[in-house]
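In what follows, a structure is listed as structure tokens, so that the remarks can point back to it.
The values are calculated or read from the model by the stated rules, or taken from the named source; none is laboratory data. Because the structure is a prediction, the values reported are computed rather than measured. In this analysis, Cβ positions are derived from the backbone assuming ideal geometry, glycine residues included, and neighbour counts consider all displayed protein chains.
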Amino acid sequence: MSTFSKLQQTIAATLKVPATKITETTRDEELAAWDSLGHVNLMMALEQTFDVMLDVEDFPKLNSVPAILAYLQAQGVSA
Amino acid sequence: MAKTKFAFDDLTQISSRSELRAALALSRLSLSLPQAQTLSAHAKTLTPGLQPLRLGIVHTYTSDLLDPWLDLAASLEGLEIATYHAPYGLALQEAREGSELLAHQPDVTLLLLRREDIHPDLQRPITGLPPADQQALSGEFVDRLLAIVGQFRAHKIGQLVVSLLPSLTGPGLGIYDAQAERSESAWWASTKTLVGTRIRETLNATVYLDLDEILQQVGRRSFFDQRYWYSARFPFAADAARELARRVVSVGVLGKTPKAKVIVLDADNTLWGGVIGEDGMNGIGLGPDYPGSAFVDFQKRLLEYQQRGFILALCSKNNAADLDQVLREHPHQVLKDEHFAARRVNWVPKPDNLISLAEELNLGLDSFIFVDDSDHECAAVRHRLPQVEVIQTPSRPVDVPTCLDHVARLEVLTLTAEDLAKTEMYAQERRRREFSEQLEQGGSGAGDYLAKLEMKMRIGLDPAEHLARLSQLTQKTNQFNLTTRRYDEHQMQGFIDSDDWVVADFSLADTFGDSGIVGLALFRKLEAKRAELDTFLMSCRVIGREAESAFMHSLLRLLADQGIEEIVADYKPTAKNELVKNFLPQQGFRLGDDGRYRMQLAETPPKPESAFPIQVDMPIVA
């Protein structure tokens, strides 16, 4: 599974939205469920799914699919 | 053999919720948030269908992020949780008529509080105060907390669960703290004891959920996540959130499912390792060395469940003589014959044995927890008696001592004197049975037996001191119960305080011992010298001694003395109370055209005390 597919599934499961609504360009403001609460939930889910430890300073930057993908890549995550 | 190693994917293959709960407890898997969501979706699809559980949360730190964990814990217990989160902060406005919390009609209300919310002095180090000031602060803290909790308790918000967030850091004085005069940990331990005592003594239907206990279980590093705490005011890491949710949902489970009363135990590979019939007294695993050491600990743990008020029974396929020998002679056997309220040691199928145990103990099968190591026996009981909760003894002995820890129905929220003495009461009952059999063999009749018991009944009126027990009786009594109305302590207190209600209970003593409080009647006075019998119930442990009639007629005499002329009563049939179908007509009530029973006290005067083989002691009412 590609990193994107895994991320797509994680976002879908965490925010309870259909996976098809999440594309490689999706941003937080496009999804009602990706509010501040959803965001904290998503940060937890990312850590646990991809086995990374996020810095609290990075939380606000990880507000879109491309930003998260770039971050994961920089952390050396491969699916 | 029960499986011992689980990968996450194995869990989603399990098709019964009780097995799933056991597997989760056994696996020690940490679940990620997506895994928790996958698992709760799976648990929701299992049978039986979900029952609702309504939770209200009042919180001075972020609580919304608990939702997926609450959802998981609830789905695993067959509950569909609907949670209302009050606005952030010490939302005392929620403890008022018309609040959203009250409108939510919660079954359980959870208070998630921090110590420093209760008393501002706790924002500074407690170690800065000399002991006398620490003690004074302790008193003020508890007073303030109880005042807040009391405001909530005054409303109908279900079972109230109070929690205080532990300190994010270790004790103020570090390694030295435990022995310091101004020790933070000692201050908190004594303050917490005070909180527990005050809640127990002054508040009904309120439980203090000790988060320190969860912290000890998961460890401080796995309990807090500083990043989410400082950025989103959510303190819990996944393991802590999951365990907290499990415990909160357990409180809900206790209110939603039939009360568990009996733990029925297999012997071989459950109470000891190996098979007594094959391995012999010296060969079974029971004693100081592994694996016997684990079974000794399990037996000690079972004695603790007895202290919670559960009774123990044996159900094993063995030669009775082999098993007796272990109980009597094995030097490391902890549970002796007197610890078991009843036993079936034979080669009869276990479901049949459970049915006959239920008859002997006068308890419903849905109050049974069955513990057995065999795949076959567990499957047979699950299949034939789905109302019995089955726990399979883990196949690794090291997992056995804690194998009941995750069972929500084995938690208790109150303990009464009757709970603690329960096994002794069943032992008395066994001696009574033997005495009656002796008399029968000597050619005496049943009347003779009752007279020889020298029974004394003590009736209590508006007995506030028995509140917990009376509420418990309404929750637990299914068979000898005319209307099966369940009341929590809060409602029961209302009846006791009200002049319109007569609350009466009784205990029964005889030559073999004292039963404790075993009967309850609630009468509601209506206009025009009428009274309605709202509740009349009796614990099955005193059936067959004419106590129910002696109690009823004593109360009818009391009501007649108070000027009541007519009693209205109902029999509301349930699946379990067939036993009392004819009780009202037997006492002289007449069935009316409207399906209700009535008694005119002038026409049908209550029977005198001398009509029954029981001496009655009733307080004199002015």
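List of remarks:
- Matching helices (runs of 4 or more DSSP H) fully within the range B:252-350 where at least 3 residues are closer than 30 Å to B:Leu415 by Cβ and small (Gly, Ala, Ser): none
- Helices (runs of 4 or more DSSP H) wholly inside the range B:1-95 that include at least 2 residues being of a type in the set (A, V, I, L, M) and within 28 Å of A:Phe50 (Cβ to Cβ): B:17-27, B:33-45, B:67-76
- Verdict on B:Thr193 being under 30 Å from B:Gly494 (Cβ atoms) and touching a helix residue (DSSP H, G or I) at 6+ places or on another chain (Cβ under 9 Å): no
- All of (1) farther than 17 Å from B:Val161 by Cα; (2) away from chain A (no Cβ under 14 Å); (3) in contact (Cβ under 8 Å) with a residue 24 or more places away in the chain; (4) within 27 Å of the chain's Cα centre (by Cα) hold for B:Thr47 with one exception: (3).
- Residue match in the range B:223-238 (condition: of a type outside the set (Val, Ile, Thr), surrounded by 21 or more Cβ atoms within 10 Å (Cβ to Cβ), part of a helix (DSSP H, G or I) and at pLDDT 95 or above): yes
- Selected residue (criterion: farthest from B:Ala23 (Cα to Cα)) from residues of the range B:351-399 that are touching a residue at least 60 places away in the same chain (Cβ under 8 Å) and basic (Lys, Arg): B:Arg382
- Filtering the range B:100-133 to residues that are touching a helix residue (DSSP H, G or I) at 6+ places or on another chain (Cβ under 6 Å) and either within 21 Å of B:Ile81 (Cα to Cα) or assigned to a strand (DSSP E or B) (or both) leaves B:Leu101, B:Asp107, B:Val108, B:Leu110.
- Residue in the range B:242-265 that is within 14 Å of chain A (Cβ to nearest Cβ) and under 22 Å from B:Tyr88 (Cβ atoms) present: no
- Among the candidates B:Ser30, B:Ser63, B:Ser16, the residue that is touching a residue at least 40 places away in the same chain (Cβ under 8 Å), surrounded by fewer than 21 Cβ atoms within 10 Å (Cβ to Cβ), within 14 Å of chain A (Cβ to nearest Cβ) and within 20 Å of B:Val407 (Cα to Cα) is uniquely B:Ser30.
- Residues of the range B:201-222 satisfying the condition of being among the small types (Gly, Ala, Ser) and in a helix (DSSP H, G or I): B:Ser222
- Scanning the range B:191-211 for any residue that is within 14 Å of another protein chain (Cβ to nearest Cβ) and more than 24 Å from B:Glu77 (Cα to Cα) turns up nothing.
For every residue, the table says whether it meets (1) modelled with pLDDT under 95; (2) over 22 Å from B:Leu461 (Cα atoms); (3) not in a helix (DSSP H, G or I).
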position	(1), (2), (3)
B:Val518	yes, no, yes
B:Thr535	no, no, yes
B:Phe551	no, no, no
B:Ala602	yes, yes, yes
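- Against the list (1) under 29 Å from B:Met425 (Cα atoms); (2) among the charged types (D, E, K, R); (3) touching a helix residue (DSSP H, G or I) at 6+ places or on another chain (Cβ under 8 Å), the condition B:Lys607 fails is (1).
- Within the range B:571-588, the set of residues being surrounded by fewer than 21 Cβ atoms within 10 Å (Cβ to Cβ) and either in contact with a strand residue (DSSP E or B) (Cβ under 6 Å, 6 or more places away or on another chain) or under 27 Å from B:Pro619 (Cα atoms) (or both) comprises B:Asn577, B:Phe583, B:Gln586, B:Gln587, B:Gly588.
- Every residue from the range B:448-487 that is of a type in the set (A, V, I, L, M) and at pLDDT 90 or above: B:Met455, B:Met457, B:Ile459, B:Leu461, B:Ala464, B:Leu467, B:Ala468, B:Leu470, B:Leu473, B:Leu482
- Counting only helices (runs of 4 or more DSSP H) that fall entirely inside chain A and contain at least 2 residues that are at the interface with another protein chain (Cβ under 9 Å from one of its Cβ atoms) and of a type outside the set (Lys, Arg), the qualifying elements are A:3-15, A:36-50.
Results for (1) within 29 Å of A:Ala19 (Cβ to Cβ); (2) away from chain A (no Cβ under 14 Å); (3) surrounded by fewer than 19 Cβ atoms within 10 Å (Cβ to Cβ), shown as yes or no for each residue.
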| site | (1), (2), (3) |
| --- | --- |
| B:Thr12 | yes, no, yes |
| B:Pro68 | yes, no, no |
| B:Ser75 | yes, yes, no |
| B:Ala82 | yes, yes, yes |
